[in-house]
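These notes are about the structure you will find just below.
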Amino acid sequence: MEKEFNPFIVSGYKGQQYFCDREFESSILKKNLENNINTTLFAIRRIGKTGLIHYVFDSYKNNSKIKCIYVDILSSYNLKDFTNLLATVIYNNFQEDNSIGKKIINAIKSLSPIISFDNLTGNPELSFKLNDTKQYESTIYQLFSFLESQNKKIFVAIDEFQQILEYAEKNTEALLRTYIQTLKNTQFIFCGSNQKMMHEIFNNAKRPFFASCSNLHLDYIKTEKYFEFINQIFSQNKRKINKQSIDFIIEFTGCHTFYTQFFCNYLYSSGIKNIDFTDVQNIALEILKLNENTFFQYRNLLTSAQWQLLQAISKEEKLYKAHSKLFINKYKLGTSSMISRGIEALLEKELIFYNTSVENPYYETYDKFLMRWMQYK
Ligand SMILES: Nc1ncnc2c1ncn2[C@@H]1O[C@H](COP(=O)(O)OP(=O)(O)O)[C@@H](O)[C@H]1O
Ligand SMILES: [Mg+2]
């Protein structure tokens, strides 16, 4: 039997009808794109940055004057990788069955790429065999020029952009900034999860991208909006769920998009038609059990003091005053300097983050399921 389609998406983008809210953020993003403003989109992981880009790009799919290109550079370690990824996405975004597509594809072919095919997807992958960095630099420039020369507006999203800080070549930012400045029909979205690195690239006055873009911050989806969305999707699919159960899901997952989606996906896949509060609680326990192995792996990555601190932060949910006597004594966490070092390590390992998008900033555990699991321990 064919598996029933699950309307709670947990990977990739499947269409507007499965996408919750983000009306405000997408309107800003579109306004920027259409008015020649480059945007940086940075926010914590798994909140919906990549989803938002696809949602916005999807809205232009029937517009023949606009072409959207999305490239994720997480897997790249140098300019060569970057060039190959860029060439591949451009190549795959144009088809030879129309004149512009043909022109672009021919232009790319004139750079003599090696074209291979991905084993899993069968999609073409391009790579270049060039002698030195300078040649890669000029190839990037040519790729952007091909795009520019079409009679279209081009919107390019570079996801996990902070990765360029890892490149062997240290001038990548300056190089890209220089090229981007010369483009007239091409607008960019720079997206990234690592707050510290993204801040370094865009908010450090000594770096090339400083003050070159408009910042867009992505916060948790409003609970009322998520409530409506969950309710609607279940009822559209002939499932019954009550208010208490939806409230529980949102609370349990902290309304952190991936975790909320995952919970609903799991609940949906259980096949229960008439969902009651006990079902939802059982599902919560099942999910924690399912993830237990991952949680134990986290523990192996940490010292026992770090683990204890993470547990304390999880129990607090929102830790406003990490150095208060009250907090330190409550969980017997040692000295204030131990807390400082512990927090540093947990931030570095991305097990917690510092939420600064509110009036009173606080520390919070990244993984909402880990947070709940630690609370029960
Ligand atoms: N607005 C949304 N409505 C429903 N699902 C979403 C929404 N935004 C993101 N998702 C889903 O949540 C998960 C995490 O989102 P993603 O965009 O990958 O986060 P990020 O890029 O910030 O790490 C993905 O599975 C995605 O499909
Ligand atoms: Mg992403």
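The values are calculated or read from the model by the stated rules, or taken from the named source; none is laboratory data. Since the structure is predicted, the reported quantities are computational estimates derived from the model, not experimental observations. Cβ atoms come from the backbone with ideal geometry, glycine included; neighbour counts cover every protein chain shown. Note: areas computed on protein heavy atoms with side chains; ligands, DNA, RNA excluded. Shrake-Rupley method; radii C 1.70, N 1.55, O 1.52, S 1.80 Å.
Any residue in the stretch 93-110 that is out of contact with any Phe, Trp or Tyr (no Cβ under 9 Å at 6 or more places or on another chain), part of a helix (DSSP H, G or I) and among the hydrophobic types (A, V, I, L, M, F, W, C)? No, there is no match, as no residue in the stretch 93-110 is out of contact with any Phe, Trp or Tyr (no Cβ under 9 Å at 6 or more places or on another chain), part of a helix (DSSP H, G or I) and among the hydrophobic types (A, V, I, L, M, F, W, C). Counting only helices (runs of 4 or more DSSP H) wholly contained in the stretch 307-377, the ones carrying 1 or more residues that are loosely packed, with under 12 Cβ neighbours inside 10 Å and within 26 Å of the chain's Cα centre (by Cα) occupy 336-348. Remark: pairs (first residue in the stretch 86-111, basic (Lys, Arg); second residue not in a helix (DSSP H, G or I); Cβ separation under 9 Å; 6+ apart in sequence or on different chains) = LYS102/PHE94; LYS102/GLN95; LYS102/GLU96; LYS103/PHE94; LYS103/SER149; LYS103/GLN150; LYS109/ILE115.
Would you check which residues across the stretch 283-303 are open to solvent by less than 100 Å² (accessible area, probe 1.4 Å) and more than 15 Å from PHE369 (Cβ to Cβ) and list them? If the condition is that a residue be open to solvent by less than 100 Å² (accessible area, probe 1.4 Å) and more than 15 Å from PHE369 (Cβ to Cβ), then LEU302, THR303 are the ones that fit.
Residues of the stretch 112-124 that are in contact with a Ser or Thr (Cβ under 8 Å, 6 or more places away or on another chain) and free of Cβ contacts under 8 Å to residues at least 12 places away in the same chain: SER116 alone.
Within the stretch 189-220, take every residue that is more than 16 Å from ligand 2 (Cβ to nearest atom) and aliphatic (A, V, I, L, M) and give me the one that is surrounded by the most Cβ atoms within 10 Å (Cβ to Cβ). Write out each step before concluding.
Quick first cut of the stretch 189-220, residues more than 16 Å from ligand 2 (Cβ to nearest atom) only: 196, 199-215.
The next check asks that each one be aliphatic (A, V, I, L, M); those that pass are 201, 205, 211.
Details: ILE201: 24, ALA205: 6, ALA211: 10.
Among those that are more than 16 Å from ligand 2 (Cβ to nearest atom) and aliphatic (A, V, I, L, M), it is ILE201.
With the requirement that a residue be in a loop (DSSP other than H, G, I, E, B) and among the hydrophobic types (A, V, I, L, M, F, W, C), what does the stretch 119-149 give you? Hits for the stretch 119-149 are LEU120, PHE128, LEU130. Evaluating ILE158 against the criteria (1) more than 16 Å from ligand 2 (Cβ to nearest atom); (2) of a type in the set (A, V, I, L, M, F, W, C); (3) under 30 Å from ILE44 (Cβ atoms) leaves one unmet condition, (1).
Check off (1) in a helix (DSSP H, G or I); (2) open to solvent by less than 70 Å² (accessible area, probe 1.4 Å); (3) at pLDDT below 95 for GLN163 and give me the number that stays unchecked. (3) is the only condition that GLN163 fails.
When each of ILE189, ILE230 is tested for being part of a strand (DSSP E or B) and either acidic (Asp, Glu) or not assigned by TED's automatic domain parsing to the domain that holds GLU359 (or both), the lone residue that passes is ILE189. Can you name the residue in the stretch 221-248 that is in contact (Cβ under 8 Å) with a residue 60 or more places away in the chain and over 22 Å from the mean Cα position of the chain (by Cα) and, of all such residues, is most open to solvent (accessible area, probe 1.4 Å)? Among them, the one singled out is GLN236. Are any of the residues in the stretch 37-52 under 22 Å from LYS152 (Cα atoms) and not in a strand (DSSP E or B)? Yes: one or more hits. Does any residue of the stretch 71-80 turn out to be touching a residue at least 12 places away in the same chain (Cβ under 8 Å), under 22 Å from SER212 (Cβ atoms), of a type in the set (Ser, Thr, Tyr) and in a loop (DSSP other than H, G, I, E, B)? Looking for residues that are touching a residue at least 12 places away in the same chain (Cβ under 8 Å), under 22 Å from SER212 (Cβ atoms), of a type in the set (Ser, Thr, Tyr) and in a loop (DSSP other than H, G, I, E, B), one finds at least one in the stretch 71-80, hence yes. Residues satisfying the criterion are absent from the stretch 170-185 (criterion: more than 26 Å from PHE42 (Cα to Cα), open to solvent by 60 Å² or more (accessible area, probe 1.4 Å), more than 16 Å from ligand 2 (Cβ to nearest atom) and over 27 Å from the mean Cα position of the chain (by Cα)). A single member of LYS3, LYS30 is more than 15 Å from ligand 1 (Cβ to nearest atom), assigned to a helix (DSSP H, G or I) and open to solvent by 50 Å² or more (accessible area, probe 1.4 Å), and it is LYS30. Look at (1) surrounded by fewer than 17 Cβ atoms within 10 Å (Cβ to Cβ); (2) within 21 Å of the chain's Cα centre (by Cα) and you find that THR40 fails only one, number (1). The number of residues in the stretch 57-81 being in contact with a helix residue (DSSP H, G or I) (Cβ under 9 Å, 6 or more places away or on another chain), closer than 14 Å to ILE154 by Cβ and more than 13 Å from ligand 2 (Cβ to nearest atom) comes to 5.
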